[in-house]
Amino acid sequence: MTGVLAIIGSGETSPTMVTVHKRLADRLPRSRRCVLLETPYLFQTNAAGVSAKAQTYFARSVGLDVTAVPGTAADAAFVHGADWVFAGPGSPSYALRHWRGGSIAQALHDRIRSATGVTILASAAAATIGRASVPVYEIYKAGDPPHWLDGLDLLSVLGLNVAVVPHFDNTEGGTYDTRFCYLGEPRLLAMEGLLPDGVGVLGIDEHTALLIELSTMECEVVGKGGVTVRRAGAVATLPAGAAVSVADLLAIEPRHAIARIPRPRNGHARTDTAAPTLRDAVAAAEAQFAAATAPDDRVAAVLALEAAIHEWATDTDEDDGVEQARAVLRGLIVRLAGPSAVSVALVDALLAVRRDLRATGAFGLGDAIRDALAGEGVRVNDTADGATWTTR
């Protein structure tokens, strides 16, 4: 099996990346050893839950049985011997403290140098692999001045002398600029001036991956956005679907110098074949609900959003809007049980949604449906055989 390196900007355990992961998994032998490195998020009190979500995602969506390891020196043998290695969300600086100069970094370097197996580095882990690394928590959350950390420099063996910046087209801030891994434009421009001579920026958009075939040194951009090469105050972007060699990537001449970086008009760049994000699903459900002229159409919008939330339940990226989506779902449920006369079909449909939500542990949303119905005179009675209802 020839080796491939996948660098993912975000959404590594979301529905948007399932097709990419399946494509990579198809390269693996039937008897495959798959290892997930927990290090970037191991400091979090919910680390076990993050690992469990990721393992569930890869098992259900990709068909991979993944072993999670903390990424200590003792785990280097697992990394060396694995057919598939994955590391993703968390803190770049925490991962660097534990990996830099150690056996895990060496094992990752050896996999890339020898073109061995599938290696997937996403989000926080992706930010560690270049010459320099963004300390995103320290700058964005704690207010440290713009600065770089020394990265693992895993890409220099490919001739890529860059700092990797994931979440490159992030738009969570709305009117507040959170592009460029939450740095925003002023900080990115300042930090580019701090890079050593000859070191550029390789930006990976959210829900986007750069796939590098390590034996042929061919690259491909897949997903919703693009990959951006920045050097000496200039920029060039490869859209999804672009295929170039690493040599061509190095030789790309940025097309124009930048005084200010234009902000995207509509959030994420996307391709027609890319799966929708949870934000897309929320917007679609709200639009469908608003345009509905019949109760069944409004119920369909609620059910579609509930299904999307369930589909995204294993996503380990805590910034992808699951809580916001649940808030919108609650609002739509309340609007469903508005002041109109009680409809038997509508109440039954709402109770079916409530049953599915409770089955997945979303008891708060189930209670919201019960309370909304109670406000309209519908009393829900839970029994061993399921919920029944009466009107007051």
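The values are calculated or read from the model by the stated rules, or taken from the named source; none is laboratory data. Please read all numbers here as calculations on a predicted model, not as lab measurements. Here the Cβ is made from the backbone with ideal geometry for all residues, glycine too, and neighbour counts use every protein chain on show.
Please verify whether the range 39-55 includes one or more residues that are assigned by TED's automatic domain parsing to the domain that holds L121 and part of a strand (DSSP E or B). I'd like the intermediate steps shown before the answer.
Of the residues in the range 39-55, the ones assigned by TED's automatic domain parsing to the domain that holds L121 are 39-55.
After this cut, where a residue has to be part of a strand (DSSP E or B) as well, the list is none.
Scanning the range 39-55 turns up no residue that is assigned by TED's automatic domain parsing to the domain that holds L121 and part of a strand (DSSP E or B).
What's the number of the only condition in (1) in contact (Cβ under 8 Å) with a residue 24 or more places away in the chain; (2) out of contact with any Pro (no Cβ under 9 Å at 6 or more places or on another chain) that Q55 fails to meet?
Every listed condition holds for Q55 apart from (1).
Look through the range 166-190, keep the residues that are without any contact (Cβ under 8 Å) to a residue 24 or more places away in the chain and among the small types (G, A, S), and return whichever of them is nearest to P146 (Cα to Cα).
G184
Six or more apart or on different chains, Cβ atoms under 7 Å: show the pairs whose first residue is in the range 368-379 and outside the structural domain of L346 (by TED's automatic domain parsing) and at pLDDT below 90 and whose second is part of a helix (DSSP H, G or I) and surrounded by 19 or more Cβ atoms within 10 Å (Cβ to Cβ).
none
Looking at the range 116-149 only, could you name the residues that are among the charged types (D, E, K, R) and over 28 Å from T216 (Cα atoms)? Working first, answer last.
Residues of the range 116-149 among the charged types (D, E, K, R): 131, 138, 141, 144.
Passing the criteria: E138, K141, D144.
Taking E306 as the residue in question, decide whether it is modelled with pLDDT of 80 or more and under 27 Å from the mean Cα position of the chain (by Cα).
On the way: modelled with pLDDT of 80 or more: yes; under 27 Å from the mean Cα position of the chain (by Cα): yes.
So E306 fits the description; yes.
Just give me the residues in the range 158-192 being part of a loop (DSSP other than H, G, I, E, B) and more than 22 Å from the chain's Cα centre (by Cα), in sequence order. Talk me through it step by step, then tell me what you get.
Applying the first criterion (part of a loop (DSSP other than H, G, I, E, B)) to the range 158-192 yields 159-161, 166-183.
Selection gives G159, L160, N161.
Is at least one residue of the range 331-345 touching a strand residue (DSSP E or B) at 6+ places or on another chain (Cβ under 7 Å), among the charged types (D, E, K, R) and at pLDDT below 80? Give the steps one after another, and end with the answer.
Just the residues of the range 331-345 that are touching a strand residue (DSSP E or B) at 6+ places or on another chain (Cβ under 7 Å), to begin with: 342.
Filter again for among the charged types (D, E, K, R), leaving none.
Checked against the condition, which is being touching a strand residue (DSSP E or B) at 6+ places or on another chain (Cβ under 7 Å), among the charged types (D, E, K, R) and at pLDDT below 80, the range 331-345 yields no hits at all.
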